[in-house]
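Worksheet: one structure, shown below.
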Amino acid sequence: MRAAALMRKRELWLYRDKRIVGPIPGVYVGDVFLFRMELCVVGLHMQIQAGIDYLPKSRCSNGEPIATSVIVSGGYEDDMELNDGDVIIYTGHGGQEKNSSRQICDQKLVGGNLALERSMHYGIEVRVIRGMKYEGSASGSGKVYVYDGLYRIVDCWFDVGKSGFGVYKYKLMRIEGQAKLGSAVLKEARDIKKSGLDFKPMYCLSVDISNNRESVPVRLFNDIDDNQEPLFYEYLRNTTFPQFVFHQSGKATGCQCVEACTDGCFCSMKNGGEFPYNLQGLLVRGKPLIFECGPFCSCPPNCRNRVAQKGLKFRLEVFRSTQTGWGVRSLDLIQAGAFICEYTGVVLTREQAQILTMNGDSLIYPNRFSDRWAEWGDLSQIYTDYERPSYPSVPPLDFSLDVSTMRNVACYMSHSTSPNVFVQYVLYDHNNLMFPHVMLYATENIPPMRELSVDYGLADEWTGKLSICM
């Protein structure tokens, strides 16, 4: 709430004055929002509490109110959904007992109720957002809000509700040609996690290509062709560094914290005087290099500065795609700033890489990943006097990752110039600045079943090729 209030004060709420009817630029069907206030900030639904958002008659050219969006979250006892959500019987607002869904008096055809009726009359579509209980929610209600696309209001009538009072009801029908319902995708992902191999078993090539090396299984799915390539590689949970990386790391140092790391401890100071993660384990601000607590630290395994080293915690799936060959998606909801996984491989020096490239082996070049970490936590748009932190210079990365025989799930992530995953370099098991771990974090809330993508950067000077695995 405080963050949203500050953004509103700084006039950073989108379309607050314009109030768009129809789709919102940059918001896609299936996008998930962890807090209802986020809907206001992006202009999807501007009402903090009311379920119907609308343009008042004073802002409409015809002098009549027009509805822009509704939230369906079970707040009214007379709401119904038909045809797997493509048809909604939506109850108007008003007449409810405080903090309850029970009606205690008749509704009136005013405000949002009138706006819905007028939108039906003029054939104007409305945005539908569903609030639903879901694992991974960050709110106290346990709900997330998913954008389900545009609907038309095809009928409106006054009826006696379950509590015996008059309510306005509206029949909403989803407009054809849109992406699959986001709420349906969330339910499908939940079913896959519950059923495992039983969900479309003929297309599930493996319930866990990591062979229990990861703490959660990594599923392999192909319903397009008979390609089984990911099964032919040894799964590599952690990057393999040459021994000299550990021998040339300098004097082993770590914090002396006993229960948990606190502000001002040795590892906090290594990170510029602040911990990179909040108490929920989400990355607060990107840095050229993050120093997590390691084997030379006295703090316990549950220390807030031990996140990426713990490995994969989301249920990821490698799947066959007609657009990208092989791709990666999650069966879980991933919050913005959450650690996803490491990009693993066998570390090669420049000289070793030059020899291997003659044989056409697959190499990934960490120095070519885009520096999108610099955008994470940048508050310059909110605070006009914000000064970006300065960090000590980090030596240029001069190694590659060989994924020709051993790799992990990250190797199948697709390239994108507008990715939902970014690279952050992390050290924890040694102190050699030239050989960090390549860790991947979410740039936004990533809904289940949405493909993960990362910006692999420009063509590399060693080979002239884009560093990407297919």
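The values are calculated or read from the model by the stated rules, or taken from the named source; none is laboratory data. Quantities reported herein were computed from a predicted structural model and do not represent experimental measurements. Positions of Cβ are backbone-derived with ideal geometry, glycine not excepted, and every protein chain shown enters the neighbour counts.
Hey, could you check the range 216-226 for residues that are within 23 Å of the chain's Cα centre (by Cα) and not in a strand (DSSP E or B) and say which is surrounded by the most Cβ atoms within 10 Å (Cβ to Cβ)?
218
Quick one: would you say residue 385 is out of contact with any Pro (no Cβ under 8 Å at 6 or more places or on another chain) and in a loop (DSSP other than H, G, I, E, B)?
So residue 385 passes the test.
Does residue 167 satisfy the condition of being of a type in the set (A, V, I, L, M, F, W, C) and in contact with a Lys or Arg (Cβ under 7 Å, 6 or more places away or on another chain)?
For residue 167, the condition - of a type in the set (A, V, I, L, M, F, W, C) and in contact with a Lys or Arg (Cβ under 7 Å, 6 or more places away or on another chain) - is not met.
So, in the range 349-381, exactly how many residues are at pLDDT 85 or above and small (Gly, Ala, Ser)?
Number of matching residues: 3.
Among the residues of the range 130-152, what is the count of those that are within 22 Å of residue 95 (Cα to Cα) and of a type outside the set (D, E, K, R)?
Going through the range 130-152 one residue at a time, the tally reaches 1.
I need the full set of residues from the range 237-267 which are without any contact (Cβ under 8 Å) to a residue 12 or more places away in the chain and either outside any loop (DSSP other than H, G, I, E, B) or polar (S, T, N, Q) (or both), in order please.
Within the range 237-267, 243, 244, 247, 262 meet the criteria.
Please state which one of 39, 34, 44, 12 is of a type in the set (A, V, I, L, M, F, W, C) and out of contact with any strand residue (DSSP E or B) (no Cβ under 7 Å at 6 or more places or on another chain).
None of the others qualify; the one that does is 12.
Here is a list: 51, 22. Which entry is farther than 28 Å from residue 166 by Cβ and more than 23 Å from the chain's Cα centre (by Cα)?
It is 22.
Working only within the range 104-143, note down all residues that are basic (Lys, Arg), over 19 Å from residue 44 (Cα atoms) and modelled with pLDDT of 95 or more.
Scanning the range 104-143 gives a single hit, 118.
For the range 204-215, which positions are in contact (Cβ under 8 Å) with a residue 12 or more places away in the chain and surrounded by fewer than 16 Cβ atoms within 10 Å (Cβ to Cβ)?
Those that are in contact (Cβ under 8 Å) with a residue 12 or more places away in the chain and surrounded by fewer than 16 Cβ atoms within 10 Å (Cβ to Cβ): 207, 211, 215.
Checking the structure you have, find out if any residue of the range 284-298 is under 24 Å from residue 240 (Cα atoms), of a type in the set (Asp, Glu), more than 18 Å from the chain's Cα centre (by Cα) and surrounded by fewer than 20 Cβ atoms within 10 Å (Cβ to Cβ).
no
Among the numbered criteria (1) over 23 Å from residue 313 (Cα atoms); (2) out of contact with any strand residue (DSSP E or B) (no Cβ under 8 Å at 6 or more places or on another chain), which one does residue 191 miss?
(1)
Which members of the range 369-381 meet the condition of being surrounded by fewer than 19 Cβ atoms within 10 Å (Cβ to Cβ) and farther than 22 Å from residue 3 by Cβ?
Result: 370, 371.
So which residues in the range 162-198 are touching a residue at least 24 places away in the same chain (Cβ under 8 Å) and assigned to a helix (DSSP H, G or I)?
182, 183, 184, 185, 186, 188, 189, 190, 192, 193
Within the range 433-470, restricting attention to residues that are surrounded by fewer than 17 Cβ atoms within 10 Å (Cβ to Cβ) and modelled with pLDDT of 90 or more, which residue is farthest from residue 238 (Cα to Cα)?
Among those residues, the one meeting the criterion is 444.
From the set of residues in the range 272-327 that are among the polar types (S, T, N, Q) and outside any loop (DSSP other than H, G, I, E, B), which is modelled with the highest pLDDT?
309
Out of all the residues in the range 88-99, is one or more touching a Gly at 6+ places or on another chain (Cβ under 6 Å) and over 22 Å from residue 143 (Cβ atoms)?
no
Tally the residues that are exposed (fewer than 13 other Cβ atoms within 10 Å of the Cβ) and not polar (S, T, N, Q), restricting the search to the range 93-109.
Of the residues in that region, 4 qualify.
For (1) in contact with a Phe, Trp or Tyr (Cβ under 9 Å, 6 or more places away or on another chain); (2) farther than 30 Å from residue 8 by Cβ; (3) surrounded by fewer than 18 Cβ atoms within 10 Å (Cβ to Cβ), each residue gets a yes or a no:
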{"position": "335", "(1), (2), (3)": "no, no, no"}
{"position": "343", "(1), (2), (3)": "yes, yes, no"}
{"position": "355", "(1), (2), (3)": "no, yes, yes"}
{"position": "362", "(1), (2), (3)": "no, yes, no"}
{"position": "400", "(1), (2), (3)": "yes, yes, no"}
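Among 26, 43, 22, which is the only one that is farther than 17 Å from residue 131 by Cβ, surrounded by 15 or more Cβ atoms within 10 Å (Cβ to Cβ), touching a residue at least 12 places away in the same chain (Cβ under 8 Å) and small (Gly, Ala, Ser)?
43
Only one residue in 336, 374, 353 is in a helix (DSSP H, G or I), within 20 Å of the chain's Cα centre (by Cα) and assigned by TED's automatic domain parsing to the domain that holds residue 429. Which one?
Of 336, 374, 353, the one residue that is in a helix (DSSP H, G or I), within 20 Å of the chain's Cα centre (by Cα) and assigned by TED's automatic domain parsing to the domain that holds residue 429 is 374.
Condition check: crowded, with 16+ Cβ neighbours inside 10 Å, touching a residue at least 24 places away in the same chain (Cβ under 8 Å) and among the aromatic types (Phe, Trp, Tyr). Does residue 54 satisfy that?
yes
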